[in-house]
Amino acid sequence: MIASAELLTVPEVMARLKISRTAVYDLIRTRQLASITLGRARRIPAHALDHLINTRLEQEAA
């Protein structure tokens, strides 16, 4: 378990990936991007975003 993971908001992920809100929620819905819910707020651990990017890079290189 990661004790001090940076948590990103959906708008922060949108800005980092330069994609729409719908695209971020599609990644979450299809379990390509891990997230947690705190109350009504959705948060994405920064390491989950890094994992998504690295996985996509590996897929593109193959």
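Please give the charge dipole size of the chain, origin at the Cα centre, charges +1 on K and R Cβ atoms and -1 on D and E Cβ atoms. Round to the nearest 20 debye. Write out the running numbers ahead of the final one.
Values: 9 positive and 6 negative charges, 69 e Å.
Its charge dipole is roughly 340 debye.
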Legend entry - Of Asn54, Leu17, Thr37, farthest towards positive along the dipole that unit charges on Lys, Arg, Asp, Glu beta carbons give the chain: Thr37
Inset, instruction - Could you pull out the GluC sites (Glu not before Pro) across the chain that fall in loop regions by DSSP (anything but H, G, I, E, B) with no more than 13 other Cβ atoms inside 10 Å? - result: Glu6
Legend entry - Spin-label zone in segment 11-27 - amide nitrogen under 16 Å from a point set 7 Å from the Cα of His51 along the C-beta vector: 27
Inset, instruction - Could you pull out every residue, at least 5 positions away or on a different chain, whose amide H is within less than 5 Å of the one on Leu8? Hs are placed 1.01 Å off N in the peptide plane, and Pro or chain starts have none. - result: Ile44, Ala46
Legend entry - Relative contact order computed over segment 1-52 (Cα-Cα under 8 Å; 6+ residues apart), in percent: 42
Legend entry - Value at 222 nm in deg cm²/dmol, rounded to 500, when DSSP H runs of n ≥ 4 in the chain each add -39,500 (n - 2.57): -16000 deg cm²/dmol
Legend entry - Label-zone membership for segment 17-43, site Gln59, 7 angstrom Cα→C-beta point, backbone N under 11 Å: 27, 31-33
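Since every read-out is calculated from the coordinates, none of them should be taken as a lab result. Note that the structure is predicted; figures quoted are calculated from it, not measured. So basically every Cβ, Gly included, is an ideal-geometry build from the backbone, and we count neighbours across all protein chains shown.
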